[in-house]
Structures are given as C-alpha cells and as structure tokens.
Amino acid sequence: MFSHGDVILNKDLNDIDYQYHNNIKSQGGFTLYRVISLGKTRMIAVVLTLVLMLSACGQAANQGNTPASTSAEVAKSTNDSVVDSTEPAADAEYWTYESDKGPVQIPRNPQRIVIPVQDFIGDLLTLGVTPIAVAGNDILNHPYFKEALTGVEVVGDDMTVSLEKITSLEPDLIITYQEDTYEQISKIAPTVFIPWGKYDYKERLIEIGKILNKEQQAVKWVADFNQKLEAKKAELADLIAADKKVAIFEIAGKELYLYGSSYGRGGEIIYNGLGLHAPDLVEEVAFKEGWASLSLETLPEYLGEADYIFQGFSRGVEQDKLDILDSVFWQSLPAVKAGHVFTYDLKTYYLSDAYALDKQLDEIVTLLKSLQ
C-alpha cells in the first residue's frame, strides 16, 4: 500500500537464529519422552513379554516376514507426537501456520507481540490484543491509538526499524508485511509475513484472528461491523441521492492525487462500506491501483462531476496549498462552490485497519449529514 524506504540493520542475528530454534524445543514445542513407573510384579511380566516378543520377531525376521501393523495404529502413533499443522491444538504451545513465506511455528497464545509496521496495529487492538512494541511515524501520539498504546515500546518509524531494539524485547511473535527485513526479523522470533494487499480489511482481521487464536472474535467483529455499515447507509439514504458522486483528493506540495477504494484516506468506508460512487473518470484512473496523480489544469476534468470532495494535505509549504486552492481550476468546481468540501486529517485517514475504519465510519457519516 505505502512506499517504505531502506531499513536500518543493527545486529548480526545468526546466534539468535540458533537460540530461537532451541527455545522452541525447550518451551514445549516437541514431546520428546514419556516416563512410566511400573510396580515390581508388573515389571517382571513386562520383561517376560518383551523377551517372548523379541524371540517371535527374530523368528519372523529369519523367515523373511515383516511385523504386522495396521495403518490405523501407525496413524495413531504419528498423531500422538505431531502438532496439527493447520490450526492450534488445545493442548499445544506451538502450532504450524502456513504463511506466504512457508510454514512457521508460532505460539498458540502469544504474549509478547511486536508489530514493526503501523498498518496492522489497529487489527490487534480490535481483537483486544496490545502489542509490546510497534513502529510508525509518531505512532504513540496517533489520535486513534494514543490511549490504547500507553506504555508500548516503539521500534522504528514508517521508514526504518531497529532490529537491535526488537531483539532486546524478546518477542514471541512478530507480524509484518515488510519484505526488506523479513529474513532478519524472522531470526529473532517466529515471524508471520502477510503480503500487503492480499486481503481486504475484513479478511485480514480474520486472518490475524487465526494467527492470534482469536478467530471467533474477528468473525464477530466483521458481522457486527457489517450491521453498523447497513445502519449508517440507512442514515444517509434520505440525505444523499444514489446518483451523487464523491471524490477523494489530496495535495502533496505541488503534486495532486486522487484516491480510490483501497488506499486509505477513507476510501474503504466511502466507496466499499457506504456504497457511494466516485466520478466516472476518477474510478477509471484511480480505482485499479488505488490512486492516481493529476495536474492542476485537469482538476475540472476529474472533479467537475463530484458533488462532494474529501480533501487532505500530506506535505509541502502552506503557500503551495493556498496557490492550488485559490486557483480558478479549484474555485470553479461545483462541489467547492456549493461548500461540499471536507478536510480530513491525513494522520488518521492514512490508515485502513479495522480499528481506524470503525472510527472513520462515524466521522464520515457525521460530516456528510452536517451539510444537509
């Protein structure tokens, strides 16, 4: 979804790789032995039985025969010692999750989770899980997360992470979408790689629910949120006609952008959730990739059909913004003339996780209703 720069690598982790694999064994990842105590009389009986069995086996071997054993017995023996590879077993400390990077053994109930990307934080919070460390630009002061992340460590911003800091926290699970650091991070602790864009926000929440052994909570949240979306759509039904068009527009210095339904900025709620439509040209150029750039002169071409515009500012000096907003190209737009322009806070609308989208839904509906 977002462009990220190089990651700072601070430590050689080959020794940690060795320690991690041994930690799995020491923490109950594998059942190695079972000790049974027998009474004296029973022990003698067992020894005699074993002698007879060994004698019989020896005779069978001399005759070229093999011991008889049913496939059911073999399966039972195997199942007694192997953890289910598709979902957590009730009595297993670790289970095997099939990730896009291959199978990885993860804790059934992780307690020390690190999220070295800011885009998955809200998914954990939605499921009632607080990570011990996160990454993101001034993430602890984010309006949505500030209270929920009290006391949480920061291991980097949106461009760099510290592997040394992550290592020092001794996590038992890491979840990321960063290709650049996956190999290094996966040597610190069990690491699940979820490719960005593979799932929509509902599917991703359920997948993370599986990873955290909280799938039922995730499924319930999705069902409840779908009901909330329907209720909010009903609130707007009599206020905004079905043929009204909504556009998402952003100023980044002297550069201008349009956004679709899959790149944050409220698009998931406006278009997918509430079922509102973008101008035809905006859908044509911005929905496939999630965004598109445009020039100042083409504003009327792309935004002239918009009845409502959600507008954000990401960077640049104030004068750049004023030059654009004072231009004839902007001032001539029907939505601008009608006063149907909403300014969103990019810091909050940048995100598209379940936690953030729930809050954006309330805010967007309130804004749209305020103009009626």
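The values are calculated or read from the model by the stated rules, or taken from the named source; none is laboratory data. This one's a predicted model, so the numbers in the text were calculated from it and none came from an experiment. Note: ideal-geometry Cβ built from the backbone for every residue, glycine included; neighbour counts use all protein chains shown.
So here's what we get for this one:
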read-out: For GLU318: the one exception among (1) crowded, with 17+ Cβ neighbours inside 10 Å; (2) without any contact (Cβ under 8 Å) to a residue 60 or more places away in the chain; value: (1)
read-out: Candidate set from the stretch 318-365 (those that are of a type in the set (Ser, Thr, Tyr) and in a helix (DSSP H, G or I)); member that is modelled with the lowest pLDDT; value: THR348
read-out: Verdict on THR343 being within 28 Å of the chain's Cα centre (by Cα) and either farther than 12 Å from GLY266 by Cα or not assigned by TED's automatic domain parsing to the domain that holds GLU297 (or both); value: no
read-out: Filtered residues of the stretch 228-263 (kept if closer than 18 Å to GLU297 by Cα and without any contact (Cβ under 8 Å) to a residue 24 or more places away in the chain); value: none
read-out: Per-region count, the stretch 106-158, residues among the small types (Gly, Ala, Ser) and either more than 24 Å from LEU346 (Cα to Cα) or in contact with a His (Cβ under 6 Å, 6 or more places away or on another chain) (or both); value: 2
read-out: From the options ASP323, ASP362, ASP353, residue that is among the charged types (D, E, K, R) and under 18 Å from LEU276 (Cβ atoms); value: ASP362
read-out: Filter result for the condition that a residue is of a type in the set (Asp, Glu) and surrounded by 16 or more Cβ atoms within 10 Å (Cβ to Cβ), over ASP172, ASP180; value: ASP172
read-out: Options THR167, THR96: the member that is polar (S, T, N, Q), outside the structural domain of LYS359 (by TED's automatic domain parsing), under 19 Å from LYS210 (Cβ atoms) and modelled with pLDDT of 95 or more; value: THR96
read-out: Residue match in the stretch 201-223 (condition: farther than 19 Å from PRO110 by Cα and in a loop (DSSP other than H, G, I, E, B)); value: no
read-out: Condition check for GLU305: of a type in the set (Asp, Glu), touching a residue at least 40 places away in the same chain (Cβ under 8 Å) and either within 27 Å of LYS369 (Cβ to Cβ) or out of contact with any Cys (no Cβ under 7 Å at 6 or more places or on another chain) (or both); value: yes
read-out: Where TYR177 falls short, out of the listed (1) out of contact with any Ser or Thr (no Cβ under 7 Å at 6 or more places or on another chain); (2) touching a residue at least 40 places away in the same chain (Cβ under 8 Å); (3) outside the structural domain of ASP123 (by TED's automatic domain parsing); value: (3)
read-out: Only one of LEU140, LEU229, LEU239 that is surrounded by fewer than 21 Cβ atoms within 10 Å (Cβ to Cβ), at pLDDT below 95 and within 29 Å of LEU274 (Cβ to Cβ); value: LEU239
read-out: Selected residue [charged (D, E, K, R) and modelled with pLDDT of 95 or more] from GLU153, GLU179; value: GLU153
